Amino acid sequence: MHIAGSVFLTEYSIGPAQLATAMEERGYESLFLPEHTHIPVSRLTPYPGGGEMPSKYAHTYDPFVALTAAAMVTTTLRLATGISLIAERDPITTAKVVASLDFISGGRTLLGVGAGWNREEMRHHGTDPRHRWAVLRERVQAMKAMWTHEEAEYHGDYVDFDASWSWPKPAQPGGPKILLGGNGPGILNRVVDYADSWMPISGPTLATNVSELGRLAELGGRSDIGVTVVHTGPPEPRAFDSYAQLGVDRVVLLLPTACETETLKKLDEWSAYAAEFTA
């Protein structure tokens, strides 16, 4: 079981290169970065965490730019999005960005994706929130086509392009693993349909859902679906042991958006878990 870290990096936090170097030195397996292109000032969509939305959501770096900076100063750290809002991105451009990062980093990219929650943000990108899951599915499938075919084409309801050339191809055969984030209804079927791994937030139904995912995977002829859990609290040996017993592949710890000194202190506090559990 691998131990990873996730953080909203901003212009007032530790930098991506410093963070990536520190995480690799301390034995963390991967760095996950979230994505929000912008936050509409006028917003009716409630913040999922309750209360006022933290300012870091409007300040976070583009994840692929920050992960490229991280790639340049590391050799083993996996470079992950958690999550990238593919329903708000052009799939052809994003396929090129992801393939470039994977090629430059020597195949260290993990692509965490999700449909998002901020309806106003989606609409600014031309995505109808009612169709965001269908848009996400087609864009993921279209990107896979770009990564795996010399002459790629895709014809769907939301993505439509004729045979095209695009290089580089990702260093990982078939492209980076797709980690689908979400805890809502239908998510397990979506994982079996077009993802390589499920990335839920930890909660009381995790064990039941992991079991159900296994059942659905078997029905769908899938034996290779992983589970990456986003752990919302401080690290606890009991929780980590339960994840390991469930067969979880990776646990993502949530780091604070903070200066270099505070961030390194938190990494040091948690590094024993990275050393103990990361395989």
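Looking for whichever is more than 30 Å from Gly156 (Cα to Cα), in contact with a Gly (Cβ under 6 Å, 6 or more places away or on another chain) and either part of a loop (DSSP other than H, G, I, E, B) or without any contact (Cβ under 8 Å) to a residue 24 or more places away in the chain (or both) here; the options are Tyr28, Tyr47, Tyr12, Tyr61. Which one fits?
Sole residue among the options that is more than 30 Å from Gly156 (Cα to Cα), in contact with a Gly (Cβ under 6 Å, 6 or more places away or on another chain) and either part of a loop (DSSP other than H, G, I, E, B) or without any contact (Cβ under 8 Å) to a residue 24 or more places away in the chain (or both): Tyr28.
Being in contact with an Asp or Glu (Cβ under 8 Å, 6 or more places away or on another chain), surrounded by 24 or more Cβ atoms within 10 Å (Cβ to Cβ) and at pLDDT 95 or above, is that true of even one residue in the stretch 47-61?
no
Provide a single number: the residues in the stretch 36-71 that are hydrophobic (A, V, I, L, M, F, W, C) and more than 29 Å from Arg130 (Cβ to Cβ).
Qualifying residue count, the stretch 36-71: 6.
For the stretch 35-52, does any single residue satisfy the condition of being over 20 Å from His125 (Cβ atoms) and either of a type in the set (Lys, Arg) or touching a strand residue (DSSP E or B) at 6+ places or on another chain (Cβ under 6 Å) (or both)?
Among the residues of the stretch 35-52, not one is over 20 Å from His125 (Cβ atoms) and either of a type in the set (Lys, Arg) or touching a strand residue (DSSP E or B) at 6+ places or on another chain (Cβ under 6 Å) (or both), which makes the answer no.
This table checks each residue for (1) under 28 Å from Trp117 (Cα atoms); (2) among the small types (Gly, Ala, Ser).
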{"position": "Thr21", "(1), (2)": "no, no"}
{"position": "Glu24", "(1), (2)": "no, no"}
{"position": "Thr37", "(1), (2)": "yes, no"}
{"position": "Thr45", "(1), (2)": "yes, no"}
{"position": "Gly50", "(1), (2)": "yes, yes"}
{"position": "Ser55", "(1), (2)": "yes, yes"}
{"position": "Ala58", "(1), (2)": "yes, yes"}
{"position": "Ala70", "(1), (2)": "yes, yes"}
{"position": "Thr75", "(1), (2)": "no, no"}
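The values are calculated or read from the model by the stated rules, or taken from the named source; none is laboratory data. For clarity, every value in this text was computed on a predicted model and none was experimentally measured. Cβ: placed from backbone, ideal geometry, glycine included. Neighbour counts: every protein chain shown.
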